[in-house]
Amino acid sequence: EWSNNPWNKARGGPLDNPKQLFTDPRAIAGQDRVRRYLIARYADHPAIMGWKLWSEQDLTEGKDALPAWHEQAAARWHALDTYHHPVTSHWCGNFTHAKPEVVQHLDYVCIDAYHGWDEKDRYRAIADLLRDSTLDPTRGLSRFAKPGLVTEFGGNWDGAPSDDLMASDHAVGPWVAAMTGHA
């Protein structure tokens, strides 16, 4: 969605490409101003559970800049927030998208839990996906020793058959998540 971003030079902003959002000193300073405002305005509210640095970062240009950006952004949130809320970032798709070089800078891991509906998909059932997302010893989130939060789940990102969605995902998903260590 770079074409609609106010930081885009084509829209009057100072940046040539979206990767510069993570590297350009002007963009970093702008983010810090927003961060300071959000913390000053909302940090004392009891509904604030944590701060999400980025949403669906695996769909973002400039992925190679994300570890360093997350390190400085998380450190800055922690330095400014006297209420000590945890900091996270978010990956779309499922747990296999979480990157260790970014997770190391976070207090908890925030993922989606979408799966496929055809016979070839390894995760046809939400129960299998959520189980492996914490219990798989090599790819699961438990290897990070941090809490996990599923923010979106069910079917696939572009939909699913209604009967399957209601029968398996919405009926089973919350229970399986609780049993496998997800919030």
Margin query: If I filter region 50-73 down to residues being at pLDDT 95 or above and open to solvent by 50 Å² or more (accessible area, probe 1.4 Å), which single residue comes out as farthest from Val34 (Cα to Cα)?
Written below: Ala68
Notebook entry, point to check: Can you find a residue in region 114-135 that is in contact with a Lys or Arg (Cβ under 9 Å, 6 or more places away or on another chain), surrounded by 16 or more Cβ atoms within 10 Å (Cβ to Cβ), under 19 Å from Ser55 (Cβ atoms) and not β-branched (Val, Ile, Thr)?
Noted result: yes
Margin query: Quick check on region 157-171: of everything there that is open to solvent by less than 50 Å² (accessible area, probe 1.4 Å) and in contact (Cβ under 8 Å) with a residue 40 or more places away in the chain, which residue is farthest from the chain's Cα centre (by Cα)?
Written below: Ser168
Note to self: I'm trying to understand the selection: among the residues of region 126-180, which are touching a Cys at 6+ places or on another chain (Cβ under 9 Å) and farther than 17 Å from Val103 by Cα?
What the structure shows: Glu152, Trp157
Checklist line | Extreme residue, farthest from Ala40 (Cα to Cα), among residues of region 74-113 that are out of contact with any helix residue (DSSP H, G or I) (no Cβ under 7 Å at 6 or more places or on another chain), open to solvent by less than 40 Å² (accessible area, probe 1.4 Å) and modelled with pLDDT of 95 or more | finding: Tyr108
Next item on the list: Look at region 21-40 and say how many of its residues are surrounded by 16 or more Cβ atoms within 10 Å (Cβ to Cβ), within 20 Å of the chain's Cα centre (by Cα) and more than 16 Å from His70 (Cβ to Cβ).
Entry: 1
Check: So which helices (runs of 4 or more DSSP H) stay within region 1-107 end to end and still have 2 or more residues that are among the β-branched types (Val, Ile, Thr)?
Finding: 25-42, 100-103
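The values are calculated or read from the model by the stated rules, or taken from the named source; none is laboratory data. Source: prediction; values computed, not measured. As a convention, Cβ positions derive from the backbone with ideal geometry for all residues, glycine included, and neighbour counts pool all protein chains shown. Heavy atoms of the whole protein, side chains included, go into the accessibility calculation; ligands, DNA and RNA do not. Shrake-Rupley method; radii C 1.70, N 1.55, O 1.52, S 1.80 Å.
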